[in-house]
1. For Val80 and Gln33, what does the FRET efficiency come to when R0 = 35 Å and r is the distance between their Cβ atoms, rounded to the nearest 0.05?
2. Under a 1.4 Å probe, what is the accessible area of the chain per residue, stated in Å²?
3. Ignoring ligands, DNA and RNA, what percent of the accessible area of the chain is carbon or sulfur (1.4 Å)?
4. Counting other Cβ atoms within 10 Å of each Cβ, which trypsin sites (Lys or Arg not before Pro) in the range 1-75 have at most 16 and sit in a DSSP loop?
5. Could you list the GluC sites (Glu not before Pro) in the range 12-103 that lie in coil according to DSSP, counting only those with at most 12 other Cβ atoms within 10 Å of their Cβ?
6. Which length gain, in nm to one decimal place, applies between Asn56 and Val137 when the Cα-Cα distance is subtracted from 0.36 nm times their residue separation?
7. Only Cα pairs under 8 Å and at least 6 apart count here; give the relative contact order of the chain as a rounded whole percent.
8. Among Met62, Val80, Gly122, which residue has its Cα furthest toward the positive end of the charge dipole of the chain, with +1 on Lys/Arg Cβ and -1 on Asp/Glu Cβ?
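The values are calculated or read from the model by the stated rules, or taken from the named source; none is laboratory data. All values derive from a computational prediction rather than experimental measurement. Every residue, glycine as well, gets a Cβ built from its backbone with ideal geometry; the counts of neighbours run over all protein chains shown. Surface areas here come from the heavy atoms of the whole protein model, side chains and all, with no ligands, DNA or RNA. Shrake-Rupley method; radii C 1.70, N 1.55, O 1.52, S 1.80 Å.
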Amino acid sequence: SRKLYTLSIEVTGEGTVTKNPDKLEYTHGEEVQLTAIPDEGWSFANWTGDLSGSDNPKVIVMDQNRSVSATFIINTYTIVATAGPGGAIEPEGQIQINHGDDKEFIITPDNGYETADVIVDGVSVGAVSNYTFNNVVSDHTIEASFSLLEYTITVDRKSVV
């Protein structure tokens, strides 16, 4: 009788692996196509164990008991935060955010300045003191600008007769 082999699959991260054909045991020499399917917000990274590399799908030949692991990694996005002269944004620079996370930014004018505008993804959100990106699923930009406080000075002139 022909030998029967098992195929065990483990997953690291968030995703699933399908087997085609999907059976409990395989005959000697049978080919099985493995497909890694990442969950939303995740990406397939690579195979380990009795498979290697990142080809997807990938075929494995069942000439012995086989064990395969699929690794998924969470998607990350970049929020670029900048502040013009006269104030600060915190955090500033290129901020890495995991898929689905929230990130708050605090906008603070220097002494003698006021927040003029905050631009999020090219659109004004007004002269706000903070802004939160909720459930991040793509790259974003946030840009704070500031202006000098203006004081109006009124001088009374007495007419001289």
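1. 0.30
2. On the way: 10140 Å² over 161 residues.
That works out to 63 Å² for each residue.
3. 47 percent
4. Arg2, Lys3, Lys23
5. Details: sites: Glu14, Glu25, Glu30, Glu31, Glu40, Glu92; in loops: Glu14, Glu25, Glu40, Glu92.
The qualifying sites are Glu25, Glu40.
6. Full extension of this stretch gives 26.8 nm more.
7. 19 percent
8. Farthest towards the positive end: Met62.
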